Amino acid sequence: MFRFYALRVLKDYLGHVIFIGLPLVLIYVNMEIQANAHPDADLGHIAFFMGIGFILMFQIFGAAYTTEGMEGDFFTSFKDRLRASPVHPVRFMVTNMFYSSLVSFLQLMLILAFIFVIYEPTVSNWGLAVLVIFLGVGFTQTLGAVVIILVKKANKAQAVITLYAIGGSILAGHIIGLPDNAVINFLKDYASPISWQRISIEYFVDGDYAMGMLGIGLLLGAWAIILMVLLRMSRRVIA
Amino acid sequence: MFARMKDVIKRYNGKRLALDHLDLEIKKGEVVGLLGPNGAGKTTAINAIVGLLDVDSGLVEVFGEQQNGSNRRVRSRIGLVTQEVTVYDTLSAYENLLFFGKLYGLKGERLKRRIEEVAVLIGLKDRLNEIPKKYSGGMKRRLNIGCALLHEPELIIMDEPTVGIDPQSRNYILEFVKQLARDTETAIIYTSHYIEEVQAISDRVYIIDEGHIIAKGTVPELIRKVQGDQHVAIDVKQPEEEALQTLRALPDVKEARLDKQTFRINLHAGADLLDKLIATLSPYTITNVQNEHASLEDVFLMLTGKTLRDSEVS
């Protein structure tokens, strides 16, 4: 059963092209522009934080693995076949989320590896950045599961998730420059889990562990809440 | 008794009556046909037996245990062939069989052996490594059935397993179901819109309409309800009286007489004897065969006032 869920996600070749290839192209093109515009800048540093921005955005798009997997398992005729087996339906959901998270995380790590190999950034505590991304992936896939149970269609769920990804990325200052004032700065740092991950990584890289942990704490708190919501909903809808 | 439903009532959303005091029984090794139009309650009845839904009242018992939405123990002894093809298109047939086998706790050598056996049974042994996307509709249906057989269930529920496939594949599946019941003593509940399928494979038939059973029995028993004797007339060249003795000795033959060049034979209603009659008269040159008998379609028409095809359209 576990092997099957891994296979199903791994065999989504188009997904790999989109979730790995697209951010790599975007990072490369943006870095070419940066290199021409600011030849004396610390390109490694720029590449690292630009990469983190793309990673946090594509991490959310990666929730498609959970939404599509759960749509197939619980919102099509497969539901009866799976529910007719001796395996509890929640186990299908958890297994699906686990492998979706794993594959999404590995994809994001490939993007990070590309940045380190090509642009050689010298940043400290990048291992903690990896931890933040790992937790973020778990949160995002859980959110994807909640959304698909609510809307029951993967394309609708993906629309909701995309809205969140783009909105959250804009608020976190990843897509466009935001005005520099107290309100906007507060929103930029605390408006969504994307922001919490960003500030957490920034603080860890700067060596401010306490503030870095604040971002992780917020993320874990939000994750715990949506996990409880998910368990409650899954008992009612899919079990 | 493998499965039993007694006085079962099920309402959807507290309103629409899907099962209305339904009674149903299935014993070891028998094929029970569940015949009824769309919305008659066939799938609801099946879901209650599998444990996919709770009924509002009445008894649902499977393998001696009360069945409900949370009893998972008996599910490992049931195989469900869903109405729609539920195999994963992105995985090979082998991987699909592997997955469904593991769901039912099979592993190691036993799982491998069962996959090989089932692949032979469903006629896909040489195409196991292909993905179902490349299969014809009939092959997908066979794989769909195969996925429900891996764990050697004692009770198999087939919910319209031949919908949308060509006649050749349909015959393959029907023969396969008959063979399965004969060779393994598996109990099978078979639902279908196609009366001729149910007639061909069922030991007993339940006709269900508007949530309750309106008739039950073997096919001949049901046909006897709507018809008296069955009449067969076989024209031959140069007939001889002595053939009558052989014809009269056949079971279910009530009367046989020779009328010029025509053997006129009266059979018990529902008897399926045409092959034997023709074989008996094979020494002669047969020029014409007329068989007048009621079918399950006539039974359905008489009991419900509509044909199954009519009710499908409406």
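Assorted remarks:
- Expressed to the nearest 5 percent, the antiparallel share of DSSP beta bridges inside chain B is 70 percent.
- The 3J(HN,Hα) values that the Karplus relation (6.51, -1.76, 1.60; θ = phi - 60°) gives for segment B:170-177 are, in residue order, 4, 4, 4, 5, 5, 4, 5, 5 Hz. Gly and Pro appear as x.
- Cα-based helix-to-principal-axis angle, A:64-74 vs chain A, degrees rounded to 10: 0
- Local charge for A:Phe2 was computed over the other residues whose Cβ lies under 14 Å away, with Lys and Arg +1 and Asp and Glu -1, and equals +4.
- Charge sum, other residues only, whose C-beta stays under 13 Å from B:Ile234's C-beta, Lys/Arg counted +1 and Asp/Glu -1: +1
- For segment B:244-251, 3J(HN,Hα) per residue [Karplus equation, 6.51 cos²θ - 1.76 cosθ + 1.60, θ = phi - 60°, Hz, x = Gly/Pro]: 4, 4, 5, 4, 5, 7, 6, x
- At q = 0.22, 0.23 Å⁻¹, base-10 log of I(q)/I(0) for segment A:129-239 (Debye sum, equal scatterers on each alpha carbon): -1.20, -1.25
- Taking only alpha carbon atoms, segment B:180-284 gives an Rg to Rh ratio of 1.09, where Rh is the Kirkwood radius.
- Candidate cross-link partners of A:Lys156 among the lysines, defined by an alpha-carbon separation under 21 Å and a same-chain spacing of 8 or more, comprise A:Lys79.
- Residue mean of other protein chain beta carbons inside 10 Å, B:143-151: 1
- Projecting label points 7 angstrom from Cα along Cα→Cβ for A:Lys156 and B:Thr285 puts them 7.2 nm apart.
- B:Asp209 long-range amide H proximity, modeled H, under 5 Å: B:Ile214
- Shape of segment B:1-124, Cα gyration tensor, a/c cut at 1.5: prolate
- A simple rule links phi to the HN-Hα coupling: the Karplus curve 6.51 cos²θ - 1.76 cosθ + 1.60 with θ = phi - 60°, which for segment A:2-15 gives 5, 4, 4, 5, 5, 4, 4, 6, 5, 7, 8, 5, 4, x Hz, with x for Gly and Pro.
- Legend: residue pairs B:Lys28/B:Lys112; B:Lys102/B:Lys133; A:Lys153/B:Lys27, Cα-Cα distance threshold 32 Å; pairs beyond threshold, A:Lys153/B:Lys27.
- Note on A:27-34: average number of Cβ atoms from other chains within 10 Å of each residue's Cβ is 0.
- Size descriptor for the protein assembly as shown, Kirkwood hydrodynamic radius: 27.8 Å (Cα pairs only, one decimal).
- Between segment A:197-239 and segment B:162-239, the Cα center-to-center distance that results, in Å: 60
- FRET efficiency, 1/(1 + (r/R0)^6) with R0 41 Å, evaluated for B:Asp23 and A:Met233 via beta carbons: 0.65
- Reciprocal mean inverse distance between Cα atoms of segment B:44-185 - Kirkwood radius, Å: 15.8
- Cut-off 14 Å between beta-carbons: net charge of the residues surrounding B:Lys260, Lys and Arg +1, Asp and Glu -1: -1
- DSSP-defined antiparallel bridges as percent of all bridges, the protein assembly as shown, nearest 5: 70
- Global geometry of segment A:6-84, whether rounded, prolate or oblate, following the gyration tensor of its Cα atoms and the 1.5 cut on a/c: prolate
- A straight Cα-to-Cα reach below 13 Å connects B:Lys10 with the aspartates and glutamates B:Asp20, B:Asp23, B:Asp54, B:Asp56, B:Glu210, residues fewer than 8 places away in its own chain not being considered.
- Mean partner shielding of peptide B:78-85, defined as the number of other chain Cβ atoms within 10 Å of each residue Cβ, is 3.
- Calculated FRET efficiency, A:Leu106 to B:Val163, Cβ-Cβ distance, R0 = 41 Å: about 0.50 to the nearest 0.05.
- 21 Å Cα-Cα reach of B:Lys225 towards lysines, excluding residues that sit fewer than 8 places from it in its own chain: B:Lys216, B:Lys254, B:Lys306
- Kirkwood estimate for segment B:104-178, i.e. one over the average of 1/r between Cα atoms, Å: 13.0
- Cα centroid separation - segment B:251-295 against segment B:73-150, whole Å: 44
- Three-way shape label, segment B:30-70, alpha-carbon gyration tensor, a/c 1.5: oblate
Values quoted throughout were computed directly from the atomic coordinates according to the rules given, and no laboratory measurement underlies them. Keep in mind that what you see is a predicted model, and the values were worked out from it rather than measured. Note that each Cβ is placed from the backbone with ideal geometry, even for glycine, and that neighbours are counted across all protein chains shown.
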